[in-house]
Amino acid sequence: MAMNSFFHKTTKTNTYFSLMKDTKRSFNSFSTSFNSKPFTSPYQVRLVTTPTKAFVGFDEMVRGTQRKYFMLGGKGGVGKTSCAASLAVKFANHGHPTLVVSTDPAHSLSDSFDQDLTGGALVPVQGVDSPLYALEINPEKTREEFRARSQLQGGRGVKDFMDSMGLGMLAEQLGELKLGELLDTPPPGLDEAIAISKVMQFLESKDYSSFSRIVFDTAPTGHTLRLLSLPDFLDASIGKMMKLKKKIASATSALKSMFNKAETQENAASDKLEQLRERMAKVRDLFRDSATTEFIIVIIPTVMAANESSRLCASLKKETVPVRRLIVNQVLPPSTSDCKFCVMRRKDQMRALDMITKDPELASLKLIQAPLVDVEIRGVAGLKFFGDMVWK
Ligand SMILES: Nc1ncnc2c1ncn2[C@@H]1O[C@H](COP(=O)(O)OP(=O)(O)OP(=O)(O)O)[C@@H](O)[C@H]1O
């Protein structure tokens, strides 16, 4: 549906549109002054100049048909979902079949798109030019399934369960090592493992092959860092398991040589472990491939958020995950009224922005400013409008 016809349907949305238009106007004038020579505002707010970092480069993000992954992450409530959903809408409206995936256990994609996208399966998003699908990975449901199967079948159902996530080989090996009891309780990091198994599906399954852009709306920082480091952890764990199996195998080799079949089984199991290890390596490499993947940090202009983002950025760099852009969301436009609160708030935001531009970790990132708009950003039309202000 064309945006204009949508907005002209009801008075309520018309008001919304005009509010958004006003916001855009004031933000545009704000960004012009923000990026020009330093000057002193009527409120003596020190403005920061960021001539090179103002470049957002959506052209670069949209270019080419090769699949690209964008992960948006940061502190809770800063606007990750709004930014991720608006980016997905923009990609789809530029001709990319796009998938937006939420790995946040507290999903808000449905709220953001104002459509029911729940259920843990691919759901088409209505109202965009090219196919846009959403997927809310549902760890709570999966965890429940895990417990139920484990209780019903004395742990044996867990293997089927992990099979369905593409991690069956791991369960098999744990089982062989008599670690089955560990599988009865959902292991820490299961949420991330589920997300990883989905990423594996994106890489391998034909169902996902048509998507040329995959946007992740990730969970708040700690969870996401665990997600990014999990393939390494699993790779290391599999490596340890393989070593352990080899030790057991050599200790019992004399016995095994008497039973040819056992040896064949042993080799098959090792091959499977090796396969799983290769798949983990693929996911790990994917997270670190700067040609295809980018992690975009979303923050709000406060000192606390800046400090946390600095730590997040350092962790991402340590993990060698490509990070190039930083969205500072909810930036207040300069106040044209006498509102003291607005003036103080903006002054505070400018201080935080100044700090961000000087932070040793964050200073090298492209800074994208997203304005605080005066209505909630909801529905494809609202996301399109917001996206056009952010992704330029
Ligand atoms: N620039 C903005 N201007 C006005 N409202 C905004 C802006 N960005 C986000 N919001 C609003 O803030 C709320 C939280 O946004 P959003 O859900 O995108 O954040 P989040 O970081 O994904 O949150 P969570 O971590 O809880 O999932 C929403 O109501 C959204 O409409």
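Of the residues making up segment 314-336, those that are within 16 Å of the ligand (Cβ to nearest atom) and among the aliphatic types (A, V, I, L, M) are 326, 327, 328, 331, 332.
Of the residues that sit in segment 289-306 and are away from the ligand (no atom under 14 Å from the Cβ) and of a type in the set (Val, Ile, Thr), which one is surrounded by the most Cβ atoms within 10 Å (Cβ to Cβ)? Reasoning before the result, please.
Initial filter on segment 289-306 (away from the ligand (no atom under 14 Å from the Cβ)): 289-295, 303-304, 306.
When the remaining residues are screened for being of a type in the set (Val, Ile, Thr), the result is 292-293, 303.
On the way: 292: 16, 293: 20, 303: 12.
The extreme case among them is 293.
For segment 276-288, indicate whether the set of residues that are at pLDDT 95 or above and either away from the ligand (no atom under 15 Å from the Cβ) or in contact with a strand residue (DSSP E or B) (Cβ under 8 Å, 6 or more places away or on another chain) (or both) is non-empty. Don't jump to the end; show me each part of the working.
Applying the first criterion (at pLDDT 95 or above) to segment 276-288 yields none.
No, that holds for no residue.
Residue 333 passes every criterion in (1) without any contact (Cβ under 8 Å) to a residue 12 or more places away in the chain; (2) under 20 Å from residue 386 (Cβ atoms) apart from (1).
Each row is one residue, and each column tells you yes or no for (1) buried (at least 20 other Cβ atoms within 10 Å of the Cβ); (2) touching a helix residue (DSSP H, G or I) at 6+ places or on another chain (Cβ under 6 Å); (3) of a type outside the set (Gly, Ala, Ser).
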{"residue": "286", "(1), (2), (3)": "no, no, yes"}
{"residue": "313", "(1), (2), (3)": "yes, no, yes"}
{"residue": "354", "(1), (2), (3)": "no, no, yes"}
{"residue": "376", "(1), (2), (3)": "no, no, yes"}
{"residue": "382", "(1), (2), (3)": "yes, no, no"}
{"residue": "385", "(1), (2), (3)": "yes, yes, yes"}
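Counting only residues that are part of a helix (DSSP H, G or I), over 19 Å from residue 298 (Cβ atoms) and within 16 Å of the ligand (Cβ to nearest atom), segment 346-392 holds 4 of them. Is it the case that some residue within segment 84-98 is small (Gly, Ala, Ser), within 15 Å of the ligand (Cβ to nearest atom), in contact (Cβ under 8 Å) with a residue 12 or more places away in the chain and part of a loop (DSSP other than H, G, I, E, B)? No - not one qualifying residue is present in segment 84-98. Considering segment 100-109, the residues that are within 11 Å of the ligand (Cβ to nearest atom) and not in a loop (DSSP other than H, G, I, E, B) include one that is nearest to residue 135 (Cα to Cα), namely 102. Please verify whether segment 331-346 includes one or more residues that are under 18 Å from residue 85 (Cα atoms) and of a type in the set (A, V, I, L, M, F, W, C). Checked segment 331-346: no residue is under 18 Å from residue 85 (Cα atoms) and of a type in the set (A, V, I, L, M, F, W, C). Condition check for residue 309 on (1) part of a helix (DSSP H, G or I); (2) more than 16 Å from the ligand (Cβ to nearest atom): one failure, at (2).
The values are calculated or read from the model by the stated rules, or taken from the named source; none is laboratory data. Quantities reported herein were computed from a predicted structural model and do not represent experimental measurements. Methodologically, a virtual Cβ is constructed for each residue, glycine included, from the backbone with ideal geometry; neighbour enumeration extends over all protein chains shown.
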